[in-house]
There are 2 protein chains.
Amino acid sequence: MDKLIAWMNGVYLPLEEVKIGYQDLGLLRGYAVFDFLRTNQRVPVFLEDYLQRFQESASALRLDMPLSEQAMRNVVRKLVELQPQAEMGLRFLLTGGYSEDAYTVQEPNLIISPVLIKPVPKTLPDAVKIITYPYERQLPQVKSIHYTMGILLQQEVKAANAFDVLYYSEQSVSEFPRSNVFIVNQQGILQTPANAVLKGVTRKHVIQAAANLLPVQEKNISLDELYSAAEIFITSTTKKIIPVTLVNDRVIGAGKPGLVASQLFDRLSAAEENYVQQFQW
Amino acid sequence: MDKLIAWMNGVYLPLEEVKIGYQDLGLLRGYAVFDFLRTNQRVPVFLEDYLQRFQESASALRLDMPLSEQAMRNVVRKLVELQPQAEMGLRFLLTGGYSEDAYTVQEPNLIISPVLIKPVPKTLPDAVKIITYPYERQLPQVKSIHYTMGILLQQEVKAANAFDVLYYSEQSVSEFPRSNVFIVNQQGILQTPANAVLKGVTRKHVIQAAANLLPVQEKNISLDELYSAAEIFITSTTKKIIPVTLVNDRVIGAGKPGLVASQLFDRLSAAEENYVQQFQW
């Protein structure tokens with residue numbers, strides 16, 4: 001079996017056959033939440049964290065989750081077994097359902113689908129440049145499908161030859177459209193924004209991995225603090241940790257990937273390996 | 001022929017068969033714009049205004065419109081002729097297209113579809129209560145599909161036994177999720193917010209209809225000015241004008257539908273009749 005298989009509202013079917021009716025509130029009104037994890041040797045890495053966040057996003061939008069956590073695990077298990085690849089992404093999408101008046105939430109549509117991803121880095125990736133943009137996501141702690149600004153800014157990201165765009169407000173930098181930011185300040189403290197961010201699962205495990213390595217603070221980080229950091233890095237599900245050495249056109253720290261990023265990458269990878277070894281359905 | 005007929009990417013088909021593939025950026029990332037008009041005796045009322053705004057929304061999200069304005073008129077004409085009803089809504093939806101990486105805009109999907117609507121009021125509707133909520137839509141001048149907050153607040157609207165929720169910021173009230181607000185102040189001036197609003201087509205024609213009746217200002221309106229207004233009303237494509245006599249629990253003006261709302265309703269209806277009479281494909 002070579003086809004990617006998805007699950008939609010109780011039915012397993014080839015991914016290419018997954019279609020949603022026009023009256024869905026996700027499509028008509030952007031009313032939907034999602035989440036995204038990846039597998040390692042057919043193990044869904046940090047599965048519990050992603051399922052919990054997906055449930056919290058659904059609750060925030062007052063959407064009823066059609067499956068219990070155990071039923072969700074069973075679907076994930078079968079989907080992972082059905083795919084041709086051992087390493088892939090899984091996307092969970094929960095929408096407001098088919099709504100006759102195109103406004104009132106109905107029984108949600110739930111789709112769980114495989115996503116082909118690039119091989120996950122085994123060592124710290126090359127450093128990248130980022131740009132900044134004044135913006136704050138609405139309901140930032142909810143993983144909604146609302147990525148209008150991030151997609152719109154892709155043109156600016158490409159024009160600047162950058163990897164991604166970091167949002168900021170008057171008070172603090174916050175997050176990238178699809179990932180979190182960390183800095184190591186000049187005092188050797190690891191910091192990551194506390195507010196107006198989606199609490200990334202990789203973010204959580206990086207904070208855990210930093211224990212006994214350096215002090216960690218979740219706090220507001222100003223643009224000035226960002227520029228004067230010793231290290232900056234991005235955390236994401238698919239890339240783990242990516243060092244940042246250029247913000248707009250300002251060089252960060254020594255202008256090369258930092259030691260803390262490298263150490264945390266190894267610790268995070270070890271935590272993932274440990275999870276994979278211990279994992280049981 | 002009793003079925004509602006839609007148009008999708010060049011094909012006419014029954015509305016119930018309109019489905020969109022899972023990889024569409026509208027569904028996965030909320031990246032889509034739309035517009036909505038209604039017909040009167042099979043004439044699409046103020047068609048040019050809606051087509052122009054739809055094009056402006058598409059341009060703002062850097063989406064290429066697959067049809068010229070003339071080609072769009074031709075599709076609208078055929079759709080209107082194909083429907084069983086003479087009075088209905090037409091929804092235009094343009095999405096970011098099927099995107100393999102679920103992030104990069106591709107060739108857009110365009111769907112034009114009929115929507116069953118309630119009969120349009122022939123006389124000024126009964127007055128309603130509204131509530132207020134501190135919020136500002138992102139990219140407010142773009143008619144994107146992003147209605148998360150409006151739908152989420154439906155519960156508060158119902159709990160307050162209200163008709164709709166009016167957004168406001170520190171500076172000004174702005175708009176309802178799907179319609180505009182006007183006030184008549186104590187000096188007899190018609191006012192409507194200038195900024196952070198979607199420029200409604202009905203809003204435009206109400207402003208025109210007010211000529212020679214009373215002075216009109218597009219300006220910021222504070223919550224205090226809202227509360228102390230002589231009249232408040234809502235403008236919308238499907239309801240034309242709806243008087244508001246309660247904001248949260250405060251009575252507005254004399255607590256009954258105002259004279260200006262009534263006069264403008266009649267003038268707006270006359271402008272629509274005139275448009276319908278003059279209309280040519």
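The values are calculated or read from the model by the stated rules, or taken from the named source; none is laboratory data. Predicted model only: the values in this text are computed from it and were never measured. In this analysis, Cβ positions are derived from the backbone assuming ideal geometry, glycine residues included, and neighbour counts consider all displayed protein chains. When the accessible area is computed, the model is the full protein with side chains, heavy atoms only, and any ligands, DNA or RNA have been set aside. Shrake-Rupley method; radii C 1.70, N 1.55, O 1.52, S 1.80 Å.
Of all the listed residues (B:GLU175, B:GLU170, B:GLU225), the sole one being free of Cβ contacts under 8 Å to residues at least 12 places away in the same chain and touching a strand residue (DSSP E or B) at 6+ places or on another chain (Cβ under 9 Å) is B:GLU170. Residue selection: A:ARG91 satisfies the criterion of being in contact with an Asp or Glu (Cβ under 8 Å, 6 or more places away or on another chain), within 12 Å of chain B (Cβ to nearest Cβ) and either over 24 Å from B:ARG137 (Cα atoms) or in a strand (DSSP E or B) (or both). In the set B:GLN41, B:GLN52, B:GLN70, only one residue is open to solvent by 10 Å² or more (accessible area, probe 1.4 Å) and on the phi > 0 side of the Ramachandran plot; that residue is B:GLN41. The single condition from (1) buried (at least 21 other Cβ atoms within 10 Å of the Cβ); (2) over 30 Å from B:HIS146 (Cβ atoms) that B:VAL276 fails is (1). For segment B:5-86, the strands (runs of 3 or more DSSP E) that sit wholly inside it and include 2 or more residues that are away from every other protein chain (no Cβ under 12 Å) are B:11-14, B:32-40. Which of the residues spanning segment B:1-38 are open to solvent by 20 Å² or more (accessible area, probe 1.4 Å) and over 26 Å from B:SER59 (Cβ atoms)? Once the filter is applied, which keeps residues that are open to solvent by 20 Å² or more (accessible area, probe 1.4 Å) and over 26 Å from B:SER59 (Cβ atoms), segment B:1-38 yields B:MET1, B:ASP2, B:LYS3, B:LEU4, B:TYR12, B:LEU13, B:PRO14, B:LEU15, B:GLU16, B:GLU17, B:LYS19. Counting only strands (runs of 3 or more DSSP E) that fall entirely inside segment A:198-265 and contain at least 2 residues that are of a type outside the set (A, V, I, L, M, F, W, C) and surrounded by fewer than 18 Cβ atoms within 10 Å (Cβ to Cβ), the qualifying elements are A:216-218. Total residues in segment A:55-66 satisfying the condition of being surrounded by fewer than 20 Cβ atoms within 10 Å (Cβ to Cβ) and touching a strand residue (DSSP E or B) at 6+ places or on another chain (Cβ under 8 Å): the figure is 3.
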